[in-house]
1. Is at least one residue of segment 351-362 at pLDDT below 85 and open to solvent by 40 Å² or more (accessible area, probe 1.4 Å)?
2. Within segment 343-371, how many residues are touching a strand residue (DSSP E or B) at 6+ places or on another chain (Cβ under 7 Å) and either over 18 Å from Lys272 (Cα atoms) or in a strand (DSSP E or B) (or both)?
3. Taking segment 74-130 as the search range and keeping residues that are among the basic types (Lys, Arg) and within 27 Å of Ala180 (Cβ to Cβ), which one is farthest from the chain's Cα centre (by Cα)?
4. For a quick check of your reading of the model, give me the residue pairs whose first member lies in segment 336-350 and is within 15 Å of Ala264 (Cβ to Cβ), whose second is acidic (Asp, Glu) and open to solvent by 20 Å² or more (accessible area, probe 1.4 Å), with beta-carbon atoms closer than 8 Å and at least 6 apart or on different chains.
5. Mind listing whichever residues of segment 213-222 are without any contact (Cβ under 8 Å) to a residue 40 or more places away in the chain and either crowded, with 19+ Cβ neighbours inside 10 Å or among the hydrophobic types (A, V, I, L, M, F, W, C) (or both)?
Amino acid sequence: MNTNPAGNGEFGQRQAAPGPIVPKTASEALRPEAGTPPPRRSRASRSQIVVFMNFVISSVVLMVLAAGVALYFGRQEFYEPGPSANGDTFLVKPNTGVQDIAEQLERRGLISDARVFRLGVRAFGNDSALKAGEYEIKPQASMRDIMEMLKSGKSVMYSLTIPEGLTVEQAMERIADQAALTGDMPAAMPLEGSLATDTLRFTRGATRQQMIDKLLADQKKLVDDVWQRRAPDLPLANVDDFVTLASIVEKETGKGDERSRVAAVFLNRLAKGMRLQSDPTIIYGLFGGKGKPADRPIYQSDIEKPTPYNTYVINGLPPTPIANPGRAALEAVANPSKTDDLYFVADGTGGHVFAATLDEHNENVARYRVLQKKQAEDAAKAGAAKVEGQTDAPADAGDGDAGGDAGAAQ
């Protein structure tokens, strides 16, 4: 029995009443029919604000991702070993910004990327913390290492040494030749004896005038301090004479335990009106601040050659110092040994022997001549070259010592 009221339709469904059948051509039958249209977008989803916000959010996400990647690789590059295999020194001039520093480091091959260095420095908050100076960059130093070095201010230090006994002219030559200093030398030479004998430490870029000013100021302070502590009744008219005699003592001996005794000899001679008879004053009178050539001996004729400085000829002290005296020589003159010595002569071992009388001094000179002769004979046996063709023999026993080589103290 048929229970479907509609006849041949699905159970429980009613089919629409059949309409008239319209015949189709073959082409129409093969033509595809339109599908079900998509649902219409809501009005909110079609809003330009929503579209813009979607774009912004997407862009921000992409930028965050890109920044994260850049930060990761940038940090890696900031910490990894640098490109310099040998290292180098690097000079940061005053008032140089981070960007200029970074570009100079990159040009010198000390870092791989100036931008990474600049951003790294700023990330650590060190924009204004990098200090001027010259720095020793170690091989393969990382950007982080270089940043910390420039932040520390631990610059490469240079030395300028002015030894005791140099003349002002010789000291000025050292200052002029120091390549790490800048600036011109002064037109006028400082006064003889006015420069401190010291070692100054400085960074590249310091000026030559700064070094000279420092040496002048230090020497003045030293001289004033020692002069104020001098022994009473020294036969010296003023502080200028004090420095002049100290310069002679400085040139006479380099042995610390002799200086005060050498000073006593000269002070005793001044007190008695005797000539100082010091060979270094002969040399300064002949050659001035340039100093005696190393291969030029003092000839017998030099002892008698009149110059304003030759204390074998003049009475009293020379008109100026003959070198820059150090502290030890100044102290020796200010507080000399208490002796009656009036003479001294070399002992052949770098020191001197002293005497209070001319007879004793002549004995010391004779012993020194014997020693000289023996040394000359030993040198000749060893094949030492002989000086030929000299018409003026070198002075053979004074060696710069009070009383001369012939015991002719006046």
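The values are calculated or read from the model by the stated rules, or taken from the named source; none is laboratory data. Only a predicted model underlies this, so the values are computations on that prediction, with no experimental measurement involved. Positions of Cβ are backbone-derived with ideal geometry, glycine not excepted, and every protein chain shown enters the neighbour counts. Remember, those area values only see protein heavy atoms, side chains included, never the ligands or the DNA or RNA. Shrake-Rupley method; radii C 1.70, N 1.55, O 1.52, S 1.80 Å.
1. no
2. Residues in segment 343-371 being touching a strand residue (DSSP E or B) at 6+ places or on another chain (Cβ under 7 Å) and either over 18 Å from Lys272 (Cα atoms) or in a strand (DSSP E or B) (or both): 12 in total.
3. Taking the candidates together, the pick is Arg107.
4. Pairs that qualify, where the first residue is within 15 Å of Ala264 (Cβ to Cβ) and the partner is acidic (Asp, Glu) and open to solvent by 20 Å² or more (accessible area, probe 1.4 Å), are Tyr343/Glu360.
5. Residues satisfying the conditions are Leu216, Ala217.
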